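Any read-out appearing in this document is the output of simple, stated calculations on the displayed coordinates, not a laboratory observation. Just so it is clear, the structure is predicted and the values come from calculations on it, not from any experiment. As a convention, Cβ positions derive from the backbone with ideal geometry for all residues, glycine included, and neighbour counts pool all protein chains shown.
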Ligand SMILES: Cc1cc2nc3c(=O)[nH]c(=O)nc-3n(C[C@H](O)[C@H](O)[C@H](O)COP(=O)(O)OP(=O)(O)OC[C@H]3O[C@@H](n4cnc5c(N)ncnc54)[C@H](O)[C@@H]3O)c2cc1C
Ligand SMILES: Nc1ncnc2c1ncn2[C@@H]1O[C@H](COP(=O)(O)O)[C@@H](O)[C@H]1O
């Protein structure tokens, strides 16, 4: 099958974030970046679908400044066949603006499957996949944790709060990937070497109007520092008393 | 006019708690602008009976769409009719819950309308032309103030943040036909698997007891379930270490890549407190932690920590909680 995987380069969430000068974003200095967590699952799903099929092509697409090429190379080293860098100065917050650029690239690409992560953790928005699907007029299933493809149709599982849905859809389709699949593979040395020779095409992205913008970035209020009440079963009575009298939750 | 359209989420023919949260948030916005709240209620024939609850929480109008093809979620048809209603109604904002269903529908609707969206919002305000929303980013480590220009602005609301407030309104029922044939959707939900039976969902529970690898074996989760039962209003959660090992289903996972929860009380049992776990629960009002390692990072966020062996402490804590709740 011909599969596209949309990949965002995001900050490592274990970083200690500081607010950037200007107060509207986080400071990139000293922060590590990598492929988004759910995007790496999406890449893994694409690879497994085509490994099972025995043929096909997978294209990784990323919108962003030149540094996203690093992330695309990683995708290539995992086994993805080729990459497209949609070049812009900075990735906007506005999901529709991103979806429009991605849809313009995907349109006419004759993809059987277009995969997204369920969410990028930096934006924590989780909208670009479904928005791109709408713009392309394609069927879309979001946040799936299982997938079967057979005979031009797919069956997916979506986790709901306290329940799950089994969803059927025709191809071509857009899917956004949750956890639940096999862990994304690490690039092998052979994969890393091969990636250097795989095609990575750069195209200028036309970002349109942005109507959703971050006006201010703040650190969330700190929790009061933790307190150890005591050791072992001897501490239980005091904790229960505090839950009743101080926290008033019991 | 500054009317607000609120999607009233239902499952299996009844409203979910997040539906009332969405109406409540819509009421607050509408009151600030002198507009009306229009609830959109979509379901199988008979769903209209839920309208009175929406009126009781502030809906001036309940737009009811009934069709057998809405027995299960029907995202394509629901998004199409929400967008049609939005076009006809000239709304200032369209609100959904940031639930699995709302997060799926909202971006479809926003894209159909070509308007801005922001997800998982914890506060909302209207100022002139701009809708301002507080939106946690970077796995909850940063809080952004996001502005959306243009109407309608589409927003999903973080569950458990907008406490439902009774506020009786007329709730005039308006039947609306589906847009097109909802039976012709390409994406079809074939089956709804109810997990956990009558148990409380993690997003709704005032108390969560969550277990980690410190429990040693899957069967020791019985101790976690007993403590949850002693509270009477608790759900059971887990770390990824535990869901990866198959001790608990993936749907129980709390954290960066699992559920984001914010209960009144979170009891962390044998959990180290990895940053990815904290991302999902650090906004809980009160946190209790039991861990045998006094340097475990979970103690940095725990209001009340007990250093000890969970297998010893849990039964005693369960008995004490049961005792404290006698007469409830
Ligand atoms: C990209 C990514 C995403 C992730 N997303 C999530 C997520 O969403 N949610 C999540 O939870 N994790 C997530 N993780 C995993 C996370 O990093 C941790 O590995 C995980 O949370 C650890 O689970 P744990 O606390 O159960 O286990 P451990 O870290 O092994 O901790 C077990 C704890 O139990 C204590 N203990 C052991 N025996 C006893 C005893 N007898 N009595 C009392 N205490 C005892 C130990 O002192 C220890 O602190 C993610 C990781 C990555 C890389
Ligand atoms: N700049 C980007 N380039 C490529 N894909 C992206 C980009 N931004 C978002 N995506 C995709 O859209 C998904 C959801 O992103 P978001 O709506 O920001 O949470 C991500 O997991 C990616 O698959």
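One Cα centroid belongs to the range A:102-119, the other to the range B:224-250; the line between them spans 37 Å. Fraction of C-alpha pairs exceeding 34 angstrom in chain A: 28 percent, rounded to a whole number.
Remark: relative contact order (the range A:83-193) = 26 percent; criterion is Cα-Cα distance under 8 angstrom and separation of 6 or more residues. Rounded to the nearest Å, what's the spacing between the alpha carbon centres of the range B:67-98 and the range A:1-57? Just the number, please. When both Cα centres are located, 31 Å separates them. Taking every residue in A:240-247 and counting other chain Cβ atoms within 10 Å of its Cβ, the average works out to 5. Between the Cα long axis of helix B:17-33 and the first principal axis of chain B there is an angle of about 50°, rounded to the nearest 10.
Once you compute Rg and the Kirkwood Rh from C-alpha atoms, what is the Rg to Rh ratio for the range A:25-142? My calculation puts Rg/Rh at 0.94. Where the centroid of each part is defined by its Cα atoms, how far is the range B:259-287 from the range B:1-59 in Å? So the separation of the two Cα centres works out to 30 Å.
Beta bridges from DSSP with both residues in chain B: antiparallel share about 25 percent, rounded to the nearest 5. Dividing the helix sum by the residues of chain A, where each DSSP H run of 4 or more adds -39500 (n - 2.57), gives a mean residue ellipticity at 222 nm of -8000 deg cm²/dmol.
The C-alpha atoms of chain B define a longest principal axis, and helix B:221-231 lies at about 70 degrees to it.
Based on alpha-carbon atoms, the Kirkwood radius and the radius of gyration of chain B give Rg/Rh equal to 1.01. Working from the alpha-carbon coordinates of the range A:81-191, get Rg over Rh, Rh being the Kirkwood radius. Answer for the range A:81-191: 0.98.
For the range B:115-169, just say rounded, prolate or oblate: build the C-alpha gyration tensor, square-root its eigenvalues into a ≥ b ≥ c, call rounded for a/c under 1.5, and beyond that prolate if a/b exceeds b/c, oblate if not. The shape class here is oblate. Give the shape of the range B:22-94 as rounded, prolate or oblate, defined through the alpha-carbon gyration tensor: a ≥ b ≥ c are the square roots of its eigenvalues, a/c under 1.5 means rounded, and otherwise the shape is prolate if a/b is larger than b/c and oblate if not. Judged from the Cα gyration tensor, the range B:22-94 comes out oblate (a/c at least 1.5, b/c at or above a/b). Report, to the nearest 10°, how far helix B:310-324 tilts away from the longest principal axis of the Cα atoms in chain B, using its own Cα long axis and a range of 0 to 90°. For B:310-324 against chain B, the angle is about 60 degrees.
Average 1/r across all pairs of distinct alpha carbons in the protein assembly as shown, invert it, and you get the Kirkwood radius: 24.5 Å.
Only DSSP H runs of four or more residues enter the estimate; each adds -39500 (n - 2.57), and after division by the residues of chain B the mean residue ellipticity at 222 nm equals -8500 deg cm²/dmol. Highest GNM mean-square fluctuation among B:30, B:139, B:222, for chain B modelled with Cα contacts below 10 Å: B:222. Taking a ≥ b ≥ c as the square roots of the eigenvalues of the Cα gyration tensor, an a/c ratio below 1.5 marks the range B:98-209 as rounded.
With both residues required to sit in chain A, DSSP beta bridges show an antiparallel share near 40%.
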